[in-house]
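All remarks here apply to the structure that follows.
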Amino acid sequence: MTDPIEDQRQSFNQWLDQTGQSVLAVAKKAGINESALRHYKNGKTRDLRMENKLKIAETQRVRLTEIFGESAKQFTSPPPASLAASTGVPSAEPPLFRDTVPVVGRAQNGRIIATMYPIAHVEAPQNLTLSGNVYAVRVANTLNMPRLRMRETVICSPDDPVAPGEDAAIHDIEGEIHLMRCLENDQNHGFTGTMYGDESKKITIQPDRIVNVARIVAIYPA
């Protein structure tokens with residue numbers, strides 16, 4: 001029986017040789033520790049954290065399996081179809097883990113940036129019917145306090161219509177995911193919403209800048 005962890009290391013080393021990239025360049029681009037990646041490459045550490053593998057694949061803009069081999073499939077899954085449009089990555093298949101939802105956004109300077117691959121999975125609410133489009137993100141700022149708190153996880157469903165007064169996640173063409181309370185959601189006029197922290201300030205995202213609008217169907221505490 002082959003060792004999937006060792007297979008992934010060998011695939012990574014072959015990918016490095018094929019692309020001609022250095023460990024330093026890959027680590028710097030992904031924002032991960034160069035020493036840890038070098039130790040992984042040379043077999044001085046057993047494995048590399050999946051979070052770092054995902055960062056490498058994301059910044060290289062390729063599938064995880066193109067770098068770490070087919071055995072990496074058992075640890076992650078493709079992004080939801082709702083997020084694939086702006087990344088160029090094929091749409092998701094049914095969730096790899098039954099009754100779980102992929103977390104597909106990372107915090108960056110108080111913003112939520114959509115990732116090409118899930119960074120984690122969370123258990124789905126019992127009353128939620130899963131589809132390939134449902135995804136989760138973690139709250140990255142305090143702009144929606146007290147409704148949404150830092151590091152809480154919200155489950156988002158692009159298949160559900162968003163009406164005024166409901167909470168929504170708006171994924172724009174630059175890859176940012178905005179969390180707002182809906183004031184207006186119109187195909188011709190775009191999405192207008194507000195933050196709970198300052199409900200007097202209205203924010204409008206034009207329709208040509210929207211990938212999708214998802215209704216927030218559940219909130220998990222941090």
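The values are calculated or read from the model by the stated rules, or taken from the named source; none is laboratory data. This one's a predicted model, so the numbers in the text were calculated from it and none came from an experiment. For neighbour counting, all protein chains shown are included, and Cβ atoms are generated from backbone atoms with ideal geometry for every residue, glycine included. For accessibility, only protein heavy atoms count, side chains too; no ligands or nucleic acids. Shrake-Rupley method; radii C 1.70, N 1.55, O 1.52, S 1.80 Å.
Odds and ends about this structure:
- Taking all protein chains together and a 1.4 Å probe, the residues Leu24, Leu64 rank Leu24, Leu64 from largest to smallest accessible area.
- Whole-number D in µm² s⁻¹ for the chain, Kirkwood Cα-pair radius fed into Stokes-Einstein, 4 °C, 1.567 mPa s: 70 µm²/s
- Helix 4-19 axis, angle to the chain major axis (alpha carbon atoms, nearest 10°): 90 degrees
- The range 29-45 and the range 103-121 have Cα centres spaced 22 Å apart.
- Heavy-atom SASA rank of Val137, Val211 (probe 1.4 Å, accessible area, largest first): Val211, Val137
- Computed helical MRE - 222 nm, the chain, DSSP H runs ≥ 4 contributing -39500 (n - 2.57), nearest 500: -7000 deg cm²/dmol
- Between helix 50-60 and the chain there is an angle of about 80 degrees, using the helix long axis and the longest principal axis of the Cα atoms.
- Trypsin sites (Lys or Arg not before Pro) within the range 115-222: DSSP coil, no more than 16 neighbouring Cβ in 10 Å: Arg147, Arg149, Arg151
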